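Asker: Submitted below is the structure of interest, expressed as structure tokens.
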Amino acid sequence: MAVNNPYQSYQQNSVNTASPGELTLLLYNGCLKFIHLAKNAIKTNDIQAKNTNIQKAQSIVQELMVTLNMELEVSENMMSLYDYMNRRLIEANVKNDTAILEEVEGLVTDFRDTWKQVIQLNRQKQHSKGGMA
């Protein structure tokens with residue numbers, strides 16, 4: 001059953017046409033969204049929504065772990081941080097702890113903001129190379 005929702009079509013197109021760097025940015029943003037929803041669910045005592053959204057955030061963190069290029073030295077550090085975030089999400093889920101979610105949210109926000117800068121720098125390099133040709 002197809003849904004003719006322009007927003008859903010736009011979202012699907014965004015994912016289908018995104019570069020690998022942009023996909024990573026989408027993953028970070030999705031993770032932040034689910035953490036935010038989980039925090040709200042804890043505040044409203046909606047245990048099912050809390051659990052569902054934390055599990056979605058965990059799935060994103062696990063996807064980020066799987067996509068790391070372990071041939072790069074920085075990937076080992078990222079793997080450790082992602083593993084830590086994943087364990088903290090599990091703990092937040094068990095304890096219904098918004099403070100832990102805020103800690104993970106801070107880490108994901110830092111990663112996302114850094115990743116945005118990397119994408120912008122790469123675009124600037126590509127544009128400057130294009131202008132020199």
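None of the figures in this text is laboratory data; all of them are computed from the coordinates on show. Because the structure is a prediction, the values reported are computed rather than measured. So basically every Cβ, Gly included, is an ideal-geometry build from the backbone, and we count neighbours across all protein chains shown.
Asker: Expected output is a single nm value to one decimal: the length gained when fully extending between Ser19 and Asn40, i.e. 0.36 nm times separation in residues minus the C-alpha distance. What is it? Numbers along the way, then the final one.
Answerer: Details: separation 21, 0.36 × 21 = 7.56 nm, distance 3.16 nm.
Extending this stretch completely gives an extra 4.4 nm.
Asker: Label-point separation (nm) for Leu26 and Ser75, each offset 7 Å from Cα along Cα-to-Cβ?
Answerer: 2.2 nm
Asker: While we're looking at this one, here's another question. Would you mind calculating the gained length between Arg87 and Lys125 on full extension (0.36 nm times residue separation, minus the Cα-Cα distance), in nm to one decimal? Could you put the intermediate results ahead of the total?
Answerer: Details: separation 38, 0.36 × 38 = 13.68 nm, distance 3.70 nm.
Result for the pair: 10.0 nm of gain on full extension.
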